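The values are calculated or read from the model by the stated rules, or taken from the named source; none is laboratory data. Worth saying up front: this structure is predicted, and the values here are computed from it rather than measured. Cβ coordinates were reconstructed from backbone atoms using ideal geometry, including for glycine residues, and neighbour counts include every protein chain displayed.
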């Protein structure tokens with residue numbers, strides 16, 4: 001089994017186990033490490049095809065997760081500034097070249113660049129940083145980001161839905177379009193999410209078990 005096939009099986013398994021909260025968590029974690037949503041949402045679209053998810057619910061959950069993630073990136077640019085982003089960006093697969101390109105877009109087009117770059121590969125995931133550095137108004141940033149993210153997410157989910165009968169195009173896109181680092185980042189995000197879900201389930205189980213003896217004592 002290839003790495004791309006393994007990723008497909010793993011990520012769809014996480015989504016099936018965690019449901020809509022899993023998609024939400026993956027979108028936030030992926031944006032936090034600057035991983036393109038093209039690696040995640042076509043999988044969700046495939047699960048829409050298998051009727052395990054609803055298209056519109058996936059779109060809402062994924063878009064809310066995307067907005068939360070991009071606001072976190074905006075806050076990093078706003079509060080920490082460019083030097084911190086360049087210093088620590090390498091740890092989240094953020095290159096200075098991509099940051100400079102997104103800054104040029106932002107300087108050339110102003111606030112609308114936040115919307116326009118949502119459809120530009122590589123730049124899409126880093127435009128939040130120059131917006132934060134430039135102290136763009138949050139209301140404008142949210143408006144432009146939301147429109148761009150919803151349209152882009154809908155397209156990716158729909159692609160996964162359309163190719164549902166044959167998942168090979170999705171798997172092949174992983175092999176040809178994304179680096180091993182990007183794919184591994186999604187794997188790590190999925191593992192973190194699974195760990196969090198299991199811990200939450202264990203706490204809920206312990207809380208339920210703790211309540212049962214008290215009920216017996218009262219009776």
Failed item, numbered, when residue 137 is tested on (1) under 24 Å from residue 62 (Cα atoms); (2) surrounded by fewer than 18 Cβ atoms within 10 Å (Cβ to Cβ); (3) under 19 Å from the mean Cα position of the chain (by Cα); (4) free of Cβ contacts under 8 Å to residues at least 40 places away in the same chain: (3)
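Residue by residue, here is whether (1) farther than 30 Å from residue 48 by Cβ; (2) surrounded by 19 or more Cβ atoms within 10 Å (Cβ to Cβ); (3) touching a helix residue (DSSP H, G or I) at 6+ places or on another chain (Cβ under 8 Å); (4) at pLDDT 80 or above holds:
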residue: 60; (1), (2), (3), (4): no, no, no, yes
residue: 68; (1), (2), (3), (4): no, no, yes, yes
residue: 75; (1), (2), (3), (4): yes, no, yes, yes
residue: 79; (1), (2), (3), (4): yes, no, yes, yes
residue: 88; (1), (2), (3), (4): yes, no, no, no
residue: 92; (1), (2), (3), (4): no, no, yes, no
residue: 96; (1), (2), (3), (4): yes, no, yes, no
residue: 113; (1), (2), (3), (4): yes, yes, yes, yes
Given the conditions (1) part of a helix (DSSP H, G or I); (2) surrounded by 16 or more Cβ atoms within 10 Å (Cβ to Cβ); (3) modelled with pLDDT of 80 or more, every one holds for residue 53 apart from (1)
Members of region 65-113 that are closer than 18 Å to residue 145 by Cα and not in a helix (DSSP H, G or I): 110, 111, 112
